[in-house]
Each structure stands twice: as structure tokens, then as C-alpha cells.
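Colleague: Got a structure for you, questions after.
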Amino acid sequence: MKTISKQIFGLFLLAVSVVSILYAIGLLSSRTTQQRDATADVDNLPLRIVVMDPLSDQLACDCVEGYAQRKYNELAAFLEKQLGRPVELAYGENLPDILTLNPGKVDLLIGKESIVLFDAAETKLSIHPIARLTDKSGTTNLSGLFVVRRNDPANSVEDLKGYKILFGPEYDTEKSTAAIAALKTKGVPIPKQIKTKSSCNQAVVAVMEKEADAAVISSFNLALLEGCSTIDKGILRVVGRTSAVPFITVFATDAVSLENEKLIVEALLAVGKNKRLLAQMESKTGFVNVRRHRSETTNPDTSRPVVEWTDWRGPRRDALSGYVPKKLSAKPKFLWRQPMTGMGLSGIAATTRYVIVADKSKEKKLDIFRCLDAETGEQFWAIEYPAPEDMDFSNSPRANPVIHEGLVYLLGAFGDLHCVNLKTGQVLWKKNIVKEFGAELVTWGMCSAPLIVGDRLIVNPGAKDASIVALDRLTGKVIWKTPGEQAGYSSFILAAFGNVRQIVGYDSISLGGWDPKTGKRLWKLLPDDEGDFNVPTPIYIDGKLLVTTENNGTRLYGFDSNGKILSKPLAQNFDLGPDTSTPVVINNLVFGCLGGLFCLDLNNGLKTLYSVDDDAFFDYATLIAGNDHVLIITVEGELILIEAAGYRYTLKSRLRLFEKSEVFSHPALVGNRLYIRNTTEACCLLLDN
């Protein structure tokens, strides 16, 4: 194994020993004679990895035995054997400096997630997470610790009211935004001027010298502060901690193809089977897979259960779940039913503990979002705010709530956006995206569910200079905004098309793709026939895009190698053209409703395999698929279960749930529970799955 010092650029490559170089911040190159044929284009190209892990042996002291000495040179040697290609490492704490000293292509970055993301944005390097490293306890997170002097009377975060608190810089999430969110949750006023220290060392010294009353430090750093004698053990006390945030994350750059990314992830996951390497990496189970974000679409295994229904049409926005039953009971079995005060249009978001339901006050003057107990239907909390304006088809919220990492994002029809603590109902930030960006409210209001992209929340106000906007999801601050048309009604998806990761969806007149890092519009596609409402959500299928609208039917599009859509569809079908209902795709079949139920063959040019003339399928319906079945929830309150087969229509079960109320809200399927909202109540239906 060879190691090249980044500071001397390899001038003494053959003159120095491996041992001495292991103490330098360096570039590591290792080779093996057992090379596998990974892919033809990378056989002789090194995999370049930038290591920014603060617990690596090149970036941390060795003051604490068995801690902060992760040996990435051993990981590099392991990856070489797994991938059959050379691996080079560069170490450093600051990405711009590393790239200056080591110019050229970078494939992977491994480090503290918030810092890597911050530095990547600064260097305009497009990255996305692919894996996380577990620590000795098996977790992949860290938190911020609120510390005070040993004799301080404070015993909890609530006791810090009026304290002078030192925070960390904005790129240390656990010491900045997460810490501020923790204080807000506990009712501690946030000072108008935030005092920060750039390092945990500086912060704890300031507290000991009584320059401040408390400080927020990183949880992984406490052992190092005491072990390196920066502070005496026990001289500071921990009185609280922030919510957990991701710690050591592996990011891939756009230089890595999707095929090679899969090979790299497989190699990283194999670390968990190597006990020696686990010890050297100070990890319990090695690396764990980071699925592209829950709302980022891939090709899911529809037989695997969806544990939580946290977003529009589920966590991947594809309405697929392994919990779809193979039969329905003869009569409805409700676990609970909870009356609502207004009409329900917005879909439901649910975990195993919480159910988020949108509501409207009886007088139609207030938007209400309710958090219900998944077990009993009892209300944990509710937020409400004035929204008295009139709107066609009721003025109730339309956009699906989105749950992510202990927070829930709530968007009303008139643009009122709230970030709320899921457990407590505490509003962490809020804004009206229509008013703030000077948009004109579209006819049926804000309908698109906010989209999570890493640390960003994507919304579409539809303003001339802010058609789509990326907000910091923890603070609500604007990260980027891009000009364009008025808002469409469809929700966006996040996926890789033509090997380019992009946000895909509609504005009022066209289909488009946008760069999630910058907001730059990548492509625009106008339909042949104008006037579509642009309501159904696009669907990712093996790198292709399926869309459907009322005037242009159902179309399947391909992409070129630069991630731009091909203007001519690969296939088109005019039989299925729903104006509001989104189809579902399973077993290479497309199922959708409007004026009947249609089944299209994805492998045969979207040919109509059969259609069913049934009043139940005439109007709006929601569809959830999995286990070789499709569960259809009709607007009239009927459950219809069919086989996901293309040779004929096979009805398995029909179950009438409601007699005099309609269902416009998309249900949430969690385990054997279908959380469903009609016009007067929210219910939990038990399924036989």
C-alpha cells in the first residue's frame, strides 16, 4: 500500500515509510492484484475519496484509547479488493482546501453530514448521500449537548431561560439549528443576537471562564475534550440534548454513475461482515444503506412493507406498499372514528404513533391541522390559523402533510406553511409562500405537497421570480429561488433521469426538471394540447417518466445522457386521461381511473389491456398497490380490491365503508391500518393483511 502526502504532493513518495505518512493529512493510494471487472470505464481509474470524518486517525488525536482513531487506510484496502480498482484518499477538515491541494475528480466524500453539505455547496459540488457509518453503539446520528458548569443550578433545557448560550456555526447543525429548535420546543426564548464559537474547545473554555453560562457542543466531542485534558472530567454537566441529526455520511458526486454507485454501496455494506475492519472503523455494524431520500423515487420492492406513510402517496410518492391485503373482510372493522369539523381534501400522513389530518373550522374561517393518536384517535395537538377566503370546491387545505425526522410540514390552500414539532405541536417556523414571494394564488390553491431534498424543503409559490423555491427545512430561510410560471397542482418527485438527479413536476403550463442544488431549470416540455390542469403526480419507472393528464392522455418519456427529456414519448395512450387521480404502477401494469378503470401494458407501448365500466371508477379514486393487488378507494367511500394482473379484470373484494360522505383525501396505509378521511370524520380501518 502506498500513501502520498498531500502537503508535499508525492515528491518523496518512495523515500518515506508507511508509518510516518499515516500521521500526515494525506492522499492514500492502494492497489491489489485481485481486481474484479467492475465496469469497463473505471477498471484503471482510481476511486478518489475525501475523508472529513473528525474521528479518523488522521484528523483526531489519540488521547482516548480505542476512540477517534478510525483507520480509513484499511477501509481503502478493503474497497480495492471488493471493487477491483485502486483507491485514493485525501484527508482534511475543509473541502475547499482539500480540492485546492488535490485538484481533479472526486468520487466520494465521507464526513460529518452537515459540514460536507455546507462545503459542497460552497464549492458547487453536486453530491447525494448513499450510506452512513454506524458508531460503536450501532447508531448513525449525533446530537448537540447543552452543557453548564458543574455547580450551575440548571438541570434541564427549560432552566436555560435568560442564560447566555454559545452556539456553533451554521454548518454544525447539532450546535445551531437543531439547538435553536430544541430551545423553541422547550419554550426558551431565542436571543436576538446568536453568539457562536467555531469549535467545541472554544465554547467549553468560555463557559469555564464564565464568559457564557452554557454552550452547545457535539455529543461525539465530549470524550475528546475530557480525554485530551481540555477540561477536567466532570467539570461540566449535560442538562439536555438536541434532536438527533445524521453524523458520518458517505456522499457520491455526479462523477459516479448509477451502476458504479450500486457497486460501491454493496462494497460498503460488506464491511459489516468483517469483524477486524469493524474494530478498525470503530463501528458496530459498519455502513448502512441510505435510500435516496424517502420522497426520491427508485424501483421499490412492492412486497416489502412500508413502515410509515410520511408523505404524499407514501414515503416514495409512488403509492406502493407490501401491506396491501389479498382480501377484505365482509364488514368494516374500525379501530376508531374521530369526528372532524370541516371538509377533508388533503391526504393523511401517519407513523406508527402519530396521524396528521387536515381540517377546517365549522364556520370555514380557520385552517386546522390535527395530530391524532394512532392507537385511539384522540387528539395530541392541533394548530389553527385564519384562512377565511373563499375558494372553489371548499377552502380546506389540499397539500399532503409531510413528516420528516421529528418534524411535520403543513401547507394550507392559501400558502400558509408551518414547520411543526411532530411530538409537541410547537411551531418552529412559519411563512406564507404566496404573499412572501409575491405570487398570484391559483384557482384551486396550493396543492403540491412540499418536497424534502436533504436539508431543503421545496415548495412552488408560482411567482414570476420565484416559481419554485428551496427553503432550509429547519429554519425556513430561502436557499434558492428560480423564475418561471404560476404553480401547477401536481406534487413533485425527486429521482435520477439520464443519470442526473433532478426535481421533476409541473408548473401551470409545462412539465419540467430542476437541479435540486441550484434550482436551475434543466428542461421544459409543453404538451401537444394545451389546457391540462396538471394534477396527477409524475411516476418514475426504471429511469423513464410516466405522466398522465386529461387532454394528452398517458405518456412514457425517455431521457438523454444529460438528463434532458426526449420530446417524443416512447409510448402514449389516450384511453386513460385522469384530470385529478394519479395512476399506480405494479408488475409492469398501469392502473388508473376516470370514466372507468383502465389497465395499460407498460411493456407493450401502453396498450390498453382491459377497461371496466363501473360507476365506482367514473370519478376520482385513489389507488395503492402491492402484493400483486391493487386497493382502490373510491370517492363514494368504497374499497375495491383487484388482482394486479393484465390478462383480465379479477375482482377480489368490495367493501362499503361510508354511505353518505365522500372520500377525496388520500388514505395512509401503515401495517394493517388504513387511515382514511371522509368529509366528516377521520377513521382507522383494520385490514386483513
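Colleague: Taking only the range 615-633 into account, find how many residues are surrounded by fewer than 22 Cβ atoms within 10 Å (Cβ to Cβ), of a type outside the set (Phe, Trp, Tyr) and touching a Gly at 6+ places or on another chain (Cβ under 7 Å).
Modeller: Counting residues in the range 615-633 that are surrounded by fewer than 22 Cβ atoms within 10 Å (Cβ to Cβ), of a type outside the set (Phe, Trp, Tyr) and touching a Gly at 6+ places or on another chain (Cβ under 7 Å) gives 1.
Colleague: I need the full set of residues from the range 542-588 which are touching a Ser or Thr at 6+ places or on another chain (Cβ under 9 Å), in a loop (DSSP other than H, G, I, E, B) and surrounded by fewer than 19 Cβ atoms within 10 Å (Cβ to Cβ), in order please.
Modeller: Glu550, Phe574, Asp575, Asp579, Asn587
Colleague: Kindly provide the set of residues from the range 340-390 that are charged (D, E, K, R) and more than 24 Å from Leu451 (Cα to Cα), ordered by number.
Modeller: Within the range 340-390, Lys362, Glu363, Lys364, Lys365, Asp373, Glu375, Glu378, Glu389, Asp390 meet the criteria.
Colleague: Being more than 24 Å from the chain's Cα centre (by Cα) and either aliphatic (A, V, I, L, M) or in the same structural domain as Phe118 (by TED's automatic domain parsing) (or both) narrows it down to one residue among Val239, Val265; which is it?
Modeller: Result: Val239 is the single residue among Val239, Val265 that is more than 24 Å from the chain's Cα centre (by Cα) and either aliphatic (A, V, I, L, M) or in the same structural domain as Phe118 (by TED's automatic domain parsing) (or both).
Colleague: Among the candidates Gly462, Gly476, which residue alone is in contact with a helix residue (DSSP H, G or I) (Cβ under 9 Å, 6 or more places away or on another chain) and closer than 15 Å to Leu417 by Cα?
Modeller: Step by step, each of Gly462, Gly476 is checked, and only Gly462 is in contact with a helix residue (DSSP H, G or I) (Cβ under 9 Å, 6 or more places away or on another chain) and closer than 15 Å to Leu417 by Cα.
Colleague: I'd like to verify a number: residues in the range 601-650 that are at pLDDT 95 or above, charged (D, E, K, R), closer than 14 Å to Asn587 by Cα and out of contact with any Ser or Thr (no Cβ under 7 Å at 6 or more places or on another chain), how many?
Modeller: Total meeting the criteria: 1.
Colleague: Still on this structure, please answer the following. Considering only residues that are of a type outside the set (S, T, N, Q), over 11 Å from Ala330 (Cα atoms) and touching a strand residue (DSSP E or B) at 6+ places or on another chain (Cβ under 7 Å), which ones fall in the range 642-656?
Modeller: Ile642, Glu643, Ala644, Gly646, Arg648, Tyr649, Leu651, Lys652
Colleague: Collect the residues in the range 438-465 that are hydroxyl-bearing (Ser, Thr, Tyr) and either more than 18 Å from Glu389 (Cα to Cα) or crowded, with 18+ Cβ neighbours inside 10 Å (or both), keeping them in residue-number order.
Modeller: Correct list: Ser448 only.
Colleague: For Pro516, state whether it is crowded, with 18+ Cβ neighbours inside 10 Å and either on the phi < 0 side of the Ramachandran plot or modelled with pLDDT under 95 (or both).
Modeller: Criteria met by Pro516.
Colleague: Pairs under 8 Å by beta carbon, first residue in the same structural domain as Asp614 (by TED's automatic domain parsing) in the range 640-652, partner charged (D, E, K, R) and in a loop (DSSP other than H, G, I, E, B), six or more apart or different chains?
Modeller: Close Cβ pairs satisfying both conditions: Leu641/Lys326; Leu641/Lys327; Glu643/Asp628; Ala644/Asp628; Ala645/Asp628; Lys652/Lys326; Lys652/Lys327.
Colleague: Continuing with the same structure: Looking at (1) in contact with a Lys or Arg (Cβ under 9 Å, 6 or more places away or on another chain); (2) surrounded by fewer than 20 Cβ atoms within 10 Å (Cβ to Cβ); (3) among the aliphatic types (A, V, I, L, M), which is the only condition Leu99 fails?
Modeller: Here Leu99 meets the rest and fails (1).
Colleague: Check Asp135, Asp172, Asp159 and return the single one that is assigned by TED's automatic domain parsing to the domain that holds Val271 and in contact (Cβ under 8 Å) with a residue 24 or more places away in the chain.
Modeller: The match here is Asp135.
Colleague: Follow-up. Are there strands (runs of 3 or more DSSP E) fully within the range 496-537 with at least 3 residues that are touching a Ser or Thr at 6+ places or on another chain (Cβ under 9 Å)? List them.
Modeller: The qualifying strands (runs of 3 or more DSSP E) are 500-506, 521-525.
Colleague: Now for a different question. Restricting the search to the range 144-176, which residues are assigned to a loop (DSSP other than H, G, I, E, B) and closer than 15 Å to Pro54 by Cβ?
Modeller: Gly168, Pro169, Tyr171, Asp172
Colleague: Now for a different question. Look through Ala223, Ala215 and report the one residue that is modelled with pLDDT of 95 or more and either touching a Lys or Arg at 6+ places or on another chain (Cβ under 9 Å) or surrounded by fewer than 23 Cβ atoms within 10 Å (Cβ to Cβ) (or both).
Modeller: Being modelled with pLDDT of 95 or more and either touching a Lys or Arg at 6+ places or on another chain (Cβ under 9 Å) or surrounded by fewer than 23 Cβ atoms within 10 Å (Cβ to Cβ) (or both) holds for just one of Ala223, Ala215, which is Ala215.
Colleague: Same structure again: Which of the residues that make up the range 331-342 are more than 23 Å from Leu655 (Cα to Cα) and surrounded by 18 or more Cβ atoms within 10 Å (Cβ to Cβ)?
Modeller: Gly342
Colleague: Here's something else I'd like to know. Could you tell me which of the residues Gly322, Gly342 is in contact with an Asp or Glu (Cβ under 6 Å, 6 or more places away or on another chain) and touching a residue at least 40 places away in the same chain (Cβ under 8 Å)?
Modeller: Gly342 is the lone residue from the list that is in contact with an Asp or Glu (Cβ under 6 Å, 6 or more places away or on another chain) and touching a residue at least 40 places away in the same chain (Cβ under 8 Å).
Colleague: Here are the criteria: (1) over 30 Å from the mean Cα position of the chain (by Cα); (2) buried (at least 22 other Cβ atoms within 10 Å of the Cβ); (3) acidic (Asp, Glu). Tell me which single one Asp172 does not satisfy.
Modeller: In the conditions (1) over 30 Å from the mean Cα position of the chain (by Cα); (2) buried (at least 22 other Cβ atoms within 10 Å of the Cβ); (3) acidic (Asp, Glu), Asp172 misses (1) alone.
So that you can scan it fast, the table gives a plain yes or no per residue for (1) touching an Asp or Glu at 6+ places or on another chain (Cβ under 8 Å); (2) under 30 Å from Gly377 (Cα atoms); (3) polar (S, T, N, Q):
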{"site": "Cys599", "(1), (2), (3)": "no, no, no"}
{"site": "Ala621", "(1), (2), (3)": "no, yes, no"}
{"site": "Asn627", "(1), (2), (3)": "no, yes, yes"}
{"site": "Ala644", "(1), (2), (3)": "yes, no, no"}
{"site": "Glu659", "(1), (2), (3)": "no, yes, no"}
{"site": "Cys684", "(1), (2), (3)": "no, yes, no"}
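Colleague: Let me ask another. Could you list, in sequence order, all residues of the range 604-663 that are in contact with a Leu (Cβ under 7 Å, 6 or more places away or on another chain) and assigned to a loop (DSSP other than H, G, I, E, B)?
Modeller: Of everything in the range 604-663, those that are in contact with a Leu (Cβ under 7 Å, 6 or more places away or on another chain) and assigned to a loop (DSSP other than H, G, I, E, B) turn out to be Leu606, Asp614, Gly637, Ala644, Gly646, Leu657.
Colleague: Report, ordered by the first and then the second residue, all pairs with beta carbons closer than 9 Å, sequence separation of six or more or different chains, a first member in the range 555-569 that is among the β-branched types (Val, Ile, Thr), and a second member that is surrounded by 15 or more Cβ atoms within 10 Å (Cβ to Cβ) and not in a strand (DSSP E or B).
Modeller: Ile565/Gly498; Ile565/Gly558
Colleague: Next question. Determine if the range 368-390 includes at least one residue that is within 20 Å of the chain's Cα centre (by Cα) and either assigned to a loop (DSSP other than H, G, I, E, B) or surrounded by fewer than 19 Cβ atoms within 10 Å (Cβ to Cβ) (or both).
Modeller: Looking through the range 368-390, none of the residues is within 20 Å of the chain's Cα centre (by Cα) and either assigned to a loop (DSSP other than H, G, I, E, B) or surrounded by fewer than 19 Cβ atoms within 10 Å (Cβ to Cβ) (or both).
Colleague: Related question: Looking at the range 145-195, which of the residues that are touching a Lys or Arg at 6+ places or on another chain (Cβ under 8 Å) and β-branched (Val, Ile, Thr) is nearest to Gly425 (Cα to Cα)?
Modeller: The residue in question is Val188.
Colleague: Can I ask one more? Only one of Ala625, Ala644 is within 12 Å of Val324 (Cβ to Cβ) and under 27 Å from the mean Cα position of the chain (by Cα); which?
Modeller: Going through Ala625, Ala644 in turn, the sole match is Ala625.
Yes or no, residue by residue, for (1) of a type in the set (D, E, K, R); (2) under 30 Å from Leu686 (Cβ atoms); (3) at pLDDT 95 or above; (4) not assigned by TED's automatic domain parsing to the domain that holds Ala181:
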{"residue": "Ala399", "(1), (2), (3), (4)": "no, yes, yes, yes"}
{"residue": "Val408", "(1), (2), (3), (4)": "no, yes, yes, yes"}
{"residue": "Cys419", "(1), (2), (3), (4)": "no, no, yes, yes"}
{"residue": "Lys423", "(1), (2), (3), (4)": "yes, yes, no, yes"}
{"residue": "Ile458", "(1), (2), (3), (4)": "no, no, yes, yes"}
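Colleague: Under the condition of being under 26 Å from the mean Cα position of the chain (by Cα) and basic (Lys, Arg), which residue from the range 660-682 is modelled with the highest pLDDT?
Modeller: Checked the range 660-682; the qualifying residue modelled with the highest pLDDT is Arg677.
Colleague: Here is a check on your reading of the model: is Thr475 surrounded by fewer than 23 Cβ atoms within 10 Å (Cβ to Cβ), of a type in the set (Ser, Thr, Tyr), touching a Leu at 6+ places or on another chain (Cβ under 9 Å) and part of a loop (DSSP other than H, G, I, E, B)?
Modeller: Here the answer is yes, as Thr475 does meet what is asked.
The values are calculated or read from the model by the stated rules, or taken from the named source; none is laboratory data. Quick caveat: nothing in here was measured; it's all calculated off a predicted structure. Cβ coordinates were reconstructed from backbone atoms using ideal geometry, including for glycine residues, and neighbour counts include every protein chain displayed.
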